[in-house]
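Derivation of every value follows stated rules applied to the coordinates shown; laboratory data play no part. Quick caveat, the model's predicted, so the values are computed rather than measured. Glycine gets a Cβ as well: all are built from the backbone with ideal geometry, and neighbour counts include every protein chain shown.
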Amino acid sequence: MRQATTLIEFWTTRQGLLEVTRPIAEWTKSVGIYEGLLTVFCRHTSASLLINENAAPEVRTDLEAYFARIAPEDPDAYAHDDEGPDDMPAHLRSALTQTQLTIPIISGKLALGTWQGIFLFEHRRRPHRRSLALHLLGD
Amino acid sequence: MRQATTLIEFWTTRQGLLEVTRPIAEWTKSVGIYEGLLTVFCRHTSASLLINENAAPEVRTDLEAYFARIAPEDPDAYAHDDEGPDDMPAHLRSALTQTQLTIPIISGKLALGTWQGIFLFEHRRRPHRRSLALHLLGD
Amino acid sequence: MRQATTLIEFWTTRQGLLEVTRPIAEWTKSVGIYEGLLTVFCRHTSASLLINENAAPEVRTDLEAYFARIAPEDPDAYAHDDEGPDDMPAHLRSALTQTQLTIPIISGKLALGTWQGIFLFEHRRRPHRRSLALHLLGD
């Protein structure tokens with residue numbers, strides 16, 4: 001069994017879901033693992049990861065609206081606002097979703113279901129450079 | 001170190017939590033790993049995974065009621081309803097719980113706590129066939 | 001490639017977030033892995049794990065207040081209260097956060113971002129002894 005690691009970076013341009021399935025799948029393929037395990041780790045506390053539907057664009061909009069509703073910007077609700085009103089909601093939305101995803105590789109492919117995509121969830125309003133750490137092991 | 005993968009399938013009969021600890025533990029045992037790591041991955045965006053209490057049945061009922069309350073069916077709340085009013089809440093409840101669980105194996109057993117069970121969380125009202133991808137590595 | 005496992009225990013003294021990054025990083029370092037994968041698994045259903053900001057103390061307070069608000073103690077809301085009014089909210093807050101975290105190790109260090117800390121989230125009011133199972137593999 002062998003392993004490989006890398007850091008990949010994305011510039012987010014807006015608050016919300018950015019699909020990152022393709023660059024992750026391409027790096028995975030380049031390593032040449034037929035059976036194994038991929039881990040994707042988000043190195044931030046105001047962005048996170050999510051696997052969700054990658055077909056209907058309304059799913060993405062509804063997801064974004066939902067998290068904006070259950071962890072809203074609200075100047076009166078939080079003590080922490082060092083970086084503005086979207087600072088603390090970003091930490092809450094990160095806490096409610098994933099910092100890390102681990103996906104089996106079977107027969108040379110990520111074992112994602114037909115409708116599953118991997119999304120980077122940007123919780124800040126301004127563009128940010130986001131770094132994901134990837135770890136792959138297998139044969 | 002060696003590894004093994006499999007797909008296991010479940011037919012869900014109702015919306016809610018289905019305990020799947022036993023078939024997962026049985027497959028793990030059949031591979032014969034004494035020390036290692038098991039990953040369970042749910043290949044769907046309207047069903048998810050959860051580790052929770054496996055003793056008191058009320059915990060299950062309360063969990064189901066809670067997620068129905070915080071991500072409710074509501075025809076006015078979502079743009080996406082291709083498959084009916086339980087479609088978008090299913091994606092939201094998946095986003096709030098887990099797509100994947102990774103569990104250490106120590107001394108030949110999953111390192112689950114005494115009261116922990118692994119649950120498949122069906123978010124759709126109608127029965128579905130659900131597929132979990134399992135990856136196991138170790139010695 | 002080689003692997004190591006251990007159980008580490010913590011006594012929580014209050015409801016809320018307890019940073020556990022250092023003891024986890026120290027055990028990881030003691031195994032001497034330069035490239036690999038660490039898994040931290042919480043063996044309880046009324047405590048959980050979270051990666052979040054480790055700098056501003058208000059983030060911690062706001063997180064605790066937020067989860068107390070969205071999964072509140074409420075004698076009328078739950079059927080399950082075997083261990084008191086903080087019993088079922090503890091299971092809900094666990095379900096909304098993480099039972100397990102997996103973190104790549106790159107160049108001899110956990111690939112955590114600058115502001116990321118690993119937290120054990122105690123959801124019960126009374127002090128508890130909490131056990132984490134750790135699994136490490138790599139070279």
Using only Cα positions of chain A, each an equal point scatterer, no hydration layer, compute I(q)/I(0) via Debye at q = 0.11, 0.13, 0.16, 0.19 Å⁻¹ and quote the log10 values to two decimals.
-0.43, -0.58, -0.82, -1.07
Identify which of C:37, C:17, C:49 has the largest mean-square fluctuation in a Gaussian network model of chain C, with springs joining Cα atoms closer than 10 Å.
C:37
Between rounded, prolate and oblate, where does the range B:11-79 land on the alpha carbon gyration tensor, with a ≥ b ≥ c its root eigenvalues, rounded for a/c under 1.5, else prolate if a/b exceeds b/c?
prolate
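All other residues with a Cβ under 15 Å from the Cβ of residue A:40 taken together, and with Lys, Arg as +1 and Asp, Glu as -1, what is their net charge? Write out the running numbers ahead of the final one.
Numbers: positive: A:22, A:29, A:43, A:130; negative: A:9, A:19, A:26.
With Lys, Arg at +1 and Asp, Glu at -1, the neighbours total +1.
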If the label for residue C:1 sits 7 angstrom from Cα along the Cα-to-Cβ line, what are its distances to the same label in every other copy, in nm to one decimal, shortest first?
0.5, 0.5
Calculate for chain B the 222 nm mean residue ellipticity that helices alone would give, adding -39,500 (n - 2.57) per DSSP H run of length 4 or more and normalising by residue count, nearest 500 deg cm²/dmol.
-8000 deg cm²/dmol
Using a/c under 1.5 as the rounded threshold, could you call the range A:42-90 rounded, prolate or oblate? The axes a ≥ b ≥ c are square roots of the C-alpha gyration tensor eigenvalues, and prolate needs a/b larger than b/c, oblate otherwise.
oblate
Tell me, Kirkwood radius of the range C:99-139 from alpha-carbon pair distances, in Å?
13.0 Å
For the protein assembly as shown: lysine pairs under 29 Å (alpha-carbon distance), excluding those fewer than 8 apart on one chain
9
First check a/c for the protein assembly as shown, with a ≥ b ≥ c the square roots of the eigenvalues of its C-alpha gyration tensor; if it is under 1.5, answer rounded, and if not, answer prolate when a/b is larger than b/c or oblate otherwise.
rounded
Considering only the label points, 7 Å along Cα→Cβ from Cα, what distances in nm to one decimal separate residue C:125 from the same position in each other copy, shortest first?
3.9, 3.9
For chain A, set up a GNM with springs between Cα atoms under 10 Å and report which of A:43, A:14, A:69 has the largest fluctuation.
A:69
Compute the distance from the alpha-carbon center of the range B:117-139 to that of the range B:80-105, in whole Å.
12 Å
Total charge dipole magnitude, chain C, about the Cα centre, Cβ charges on Lys, Arg, Asp, Glu only, Debye to nearest 20
580 debye
Any idea which of B:44, B:31, B:17 is furthest toward the positive side of the dipole for the protein assembly as shown, if Lys and Arg beta-carbons carry +1 and Asp and Glu beta-carbons -1?
B:31
Copy-to-copy spacing for residue B:29, label 7 Å out on the Cα-to-C-beta vector, in nm, shortest first?
4.1, 4.1
Over what distance in Å are the Cα centres of the range C:3-38 and the range A:1-36 separated?
26 Å
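If Lys and Arg each add +1 and Asp and Glu each add -1, what is the summed charge of the other residues whose beta carbon sits under 12 Å from the beta carbon of residue B:49? Could you put the intermediate results ahead of the total?
On the way: positive: B:43, B:93, B:130; negative: B:19, B:122.
Once all neighbours under 12 Å are counted, the net charge is +1.
Taking the Cβ of residue A:120 as the centre, find all other residues whose Cβ is under 10 Å away and add up their charges (Lys, Arg: +1; Asp, Glu: -1). Could you put the intermediate results ahead of the total?
Details: positive: A:130; negative: A:19, A:122.
So the surrounding residues net to -1.
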